[in-house]
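> Have a look at this one.
The values are calculated or read from the model by the stated rules, or taken from the named source; none is laboratory data. The structure displayed is predicted, hence computed values, not measured ones. Methodologically, a virtual Cβ is constructed for each residue, glycine included, from the backbone with ideal geometry; neighbour enumeration extends over all protein chains shown.
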Amino acid sequence: MPRNGKLVRISLALVGAALVAALAVTGASAAQKSSKDTLSGSGSSLIAPAVAIWSQLYTASTIQYNSVGSGTGIKNISHRIGDFGASDAPLNKPQAQACNGCAQIPWALTATSPVVNIPGVGPHQLKLTGTVLANIYLGKITNWNDPAITALNKGLNLPNLKIVPVHRSDGSGDTYVFTNYLSKVSHVWKTQVGCATTVTWPGVGVGAPKNPGVAAAVSSNPGAIGYVSIAYTISNHLKLARMKNRAGKYVLPTINSIESAAQLVKAEKIPANNKISITDPPKSPKYRNAYPLSTFTYIIIPLQSPKASALKAFVTWALGSQAQGAIKKLVFAPMPSVVVKAAKKTLAKIHT
């Protein structure tokens, strides 16, 4: 495997088992903590595996999290349902206004990844470009042996098989990352579909809810292609495609390639609302190994909260080395220090 394609070397079976175990938060452990210290949140399915691990490690409060998708998470916290929301997409202007005094704080770094189910094609074998990926979801490329795909994959036996594009049917931060990337690499996509947590998809393929739904749809449909956060490729044994970055390298989502993309962030360029985009880094030796669909993910907290102290303590802990290190096995890369500094600056504004 290429140096920049160094995936975390843990058995898929072991990681899947660890993820299942982490998601099964026992009532016994919750009972050991006072109910007044319970923090409840909802939103992003991308961050759910990480929060599941954190909830097992964090002892100061009980963390309850409902993986309902970024769009619903934003709506819930805007209506003050729960103590926090979570989204892989930064709040747009109408969402920020509707949230009526919310802070968005980056708290994890990972990637959204195209995955495929092509008979006869193994993991990491398929190569794709952003243009080809856009044309698949636009319905312009409909078969796996299309000349545009075979030209990228010389020597790979691609079948004469219909492509089944799978997309999220719910409001999704992964959809935001995916469409944000496609809007940067395809003018047609930008003008005809655009970038958002929910878009009007061209009339091809099928929709499925949340990361587990997309993973299941791809797994059960030969010829399918979809996009999920990298943690779900591990637990569902999905086959990743290699994506061509602007430097011309076909890369996989790894700790190293995600960190390479995150070099885009500079302290002086982090806006007050912490909105950060690191998709499609430029053609430069600095970003030679960068994965083009890397992303930060955010916790959304009302600036004024009766649980301000507990929330600040939890997020401060989540930004620390123990919490960040615990989720590396799910291919969450360590947060850059400049982003952690900006996150803590915003976190300090939370009050009762």
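> In the stretch 301-352, what count of residues is obtained for those that are closer than 23 Å to Ile230 by Cβ, among the small types (Gly, Ala, Ser) and part of a helix (DSSP H, G or I)?
Counting residues in the stretch 301-352 that are closer than 23 Å to Ile230 by Cβ, among the small types (Gly, Ala, Ser) and part of a helix (DSSP H, G or I) gives 7.
> Can you tell me which residues in the stretch 284-303 are of a type in the set (A, V, I, L, M, F, W, C) and surrounded by fewer than 17 Cβ atoms within 10 Å (Cβ to Cβ)?
Leu303
> Just a yes or no: is a residue in the stretch 253-260 closer than 26 Å to Asn92 by Cα and surrounded by fewer than 22 Cβ atoms within 10 Å (Cβ to Cβ)?
Within the stretch 253-260, one or more residues are closer than 26 Å to Asn92 by Cα and surrounded by fewer than 22 Cβ atoms within 10 Å (Cβ to Cβ).
> Something else now. So is Pro306 in contact with a helix residue (DSSP H, G or I) (Cβ under 8 Å, 6 or more places away or on another chain), touching a residue at least 12 places away in the same chain (Cβ under 8 Å), outside the structural domain of Lys184 (by TED's automatic domain parsing) and surrounded by fewer than 22 Cβ atoms within 10 Å (Cβ to Cβ) or not? Step through it out loud before you land on a result.
Working: in contact with a helix residue (DSSP H, G or I) (Cβ under 8 Å, 6 or more places away or on another chain): no; touching a residue at least 12 places away in the same chain (Cβ under 8 Å): yes; outside the structural domain of Lys184 (by TED's automatic domain parsing): yes; surrounded by fewer than 22 Cβ atoms within 10 Å (Cβ to Cβ): yes.
Answer is no for this residue.
> Do we have any residue at all in the stretch 251-268 that's assigned to a strand (DSSP E or B), touching a Lys or Arg at 6+ places or on another chain (Cβ under 7 Å), of a type outside the set (A, V, I, L, M) and within 24 Å of Val116 (Cα to Cα)?
Checked against the condition, which is being assigned to a strand (DSSP E or B), touching a Lys or Arg at 6+ places or on another chain (Cβ under 7 Å), of a type outside the set (A, V, I, L, M) and within 24 Å of Val116 (Cα to Cα), the stretch 251-268 yields no hits at all.
> With respect to the numbered conditions (1) of a type in the set (A, V, I, L, M); (2) in a helix (DSSP H, G or I); (3) not assigned by TED's automatic domain parsing to the domain that holds Thr131, which one is the sole condition not fulfilled by Ile278?
The failed condition is (2).
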